[in-house]
Every structure is written in structure tokens, then in C-alpha cells.
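Input: a single structure, listed below in C-alpha cells.
The values are calculated or read from the model by the stated rules, or taken from the named source; none is laboratory data. Just so you know, these numbers come straight off a predicted model, no measurement behind them. So basically every Cβ, Gly included, is an ideal-geometry build from the backbone, and we count neighbours across all protein chains shown. With ligands, DNA and RNA removed, areas are computed over all heavy atoms of the protein, side chains included. Shrake-Rupley method; radii C 1.70, N 1.55, O 1.52, S 1.80 Å.
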Amino acid sequence: MHEQGVIHAIEGIGDGQGRIQISDIDTDDITVAVSQPFGPSNIQKNRPMVTVWLDKDVIESHVTIQKPPDENKMYDAMLIISSAPVPEDLDPREPIEIEISVDQVRQAQAAECPGCGADLRETFRERGCTECGFYP
């Protein structure tokens, strides 16, 4: 969502299984890419996109991470961007797309056992996954 030159966004983090802890997420782990179409459309009606990443100082001052509401257990945490300025290279009057990336989410996905889906960071021992026996 985008209004009057500021960015407001809410992103769910994790899958509600508790593999990602709020205390483990630092602002250095967060990357926010803001994209916007520019220029005229080509023959296929596509417009080129320009992408700008939010500065770490902007992330530190405009991002909060909190527990999801009790009725929403689909996520482990909620990342909220509030009133962050639209980067200077973008036109605040045009629509923007926001992509939020969190290192812990990528790590949790990478640590998922291909055999049973368990978190290998907690279930992997010298003989493989303690849940299903998967061994790479």
C-alpha cells in the first residue's frame, strides 16, 4: 500500500510453526525492495521496472516486528513498515511494488528436511533427521 509519498506494508514472517523467533530477527536481516514501472510500454504492453532498496537507516526507523494477533497463527511474526519515505528515484504518485526478505525465513526454508519437512536445525544428528532418517 502506498499513500502520499510514504510506504505502509505488513508482511507475515514464517508459517506459524514457531521456527522463527522474533528475538532472532535483527534489522540487518531485513531487505526491502521497492519497484515501480517507468517509461512507455513495449509492444507486449510491458513496462520496464526500476528497483530501489530501502536504506538500513530507513529500515531501522520505520520497521517493527511483533507477534501476530492471537487469532492469526498463520505466521510466527509480523513485520510492519510504517510511514517509510518512498525512495527519491521513484515517483510517489505511481503505484509501487514492495518485496520484503528476511534472512531467518530463508534459513528456515533451507533447513527444512526434504523427507518429512522437519526443521533440520533441531532434528539433524550424526545419523540424519531424527524424524524420518533422511541423510544427505
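Yes or no: region 50-65 includes at least one residue that is surrounded by fewer than 13 Cβ atoms within 10 Å (Cβ to Cβ) and part of a loop (DSSP other than H, G, I, E, B). There is no residue in region 50-65 that is surrounded by fewer than 13 Cβ atoms within 10 Å (Cβ to Cβ) and part of a loop (DSSP other than H, G, I, E, B).
Between a first residue in region 52-73 that is over 22 Å from residue 96 (Cβ atoms) and a second residue that is outside any strand (DSSP E or B) and open to solvent by 80 Å² or more (accessible area, probe 1.4 Å), which pairs have beta carbons less than 8 Å apart while being 6 or more apart in sequence or on different chains? The qualifying pairs are 68/74. For beta carbons closer than 9 Å, sequence separation of 6+ or different chains, a first residue in region 10-22 that is over 16 Å from residue 112 (Cα atoms) and a second that is exposed (fewer than 13 other Cβ atoms within 10 Å of the Cβ), the qualifying pairs are 10/1; 12/72; 12/74; 22/66; 22/67. Checking the structure you have, find out if any residue of region 35-47 is touching a residue at least 60 places away in the same chain (Cβ under 8 Å), part of a strand (DSSP E or B) and either polar (S, T, N, Q) or farther than 18 Å from residue 14 by Cβ (or both). Looking through region 35-47, at least one residue is touching a residue at least 60 places away in the same chain (Cβ under 8 Å), part of a strand (DSSP E or B) and either polar (S, T, N, Q) or farther than 18 Å from residue 14 by Cβ (or both).
Residue 80 meets each of the listed conditions (1) of a type in the set (Val, Ile, Thr); (2) closer than 30 Å to residue 112 by Cβ; (3) open to solvent by 50 Å² or more (accessible area, probe 1.4 Å) apart from (3). Is it true that some residue in region 17-29 is at positive phi, within 12 Å of the chain's Cα centre (by Cα) and at pLDDT below 85? No, that holds for no residue. Inside region 1-40, residues that are small (Gly, Ala, Ser) and in contact with an Asp or Glu (Cβ under 9 Å, 6 or more places away or on another chain) make up a count of 6.
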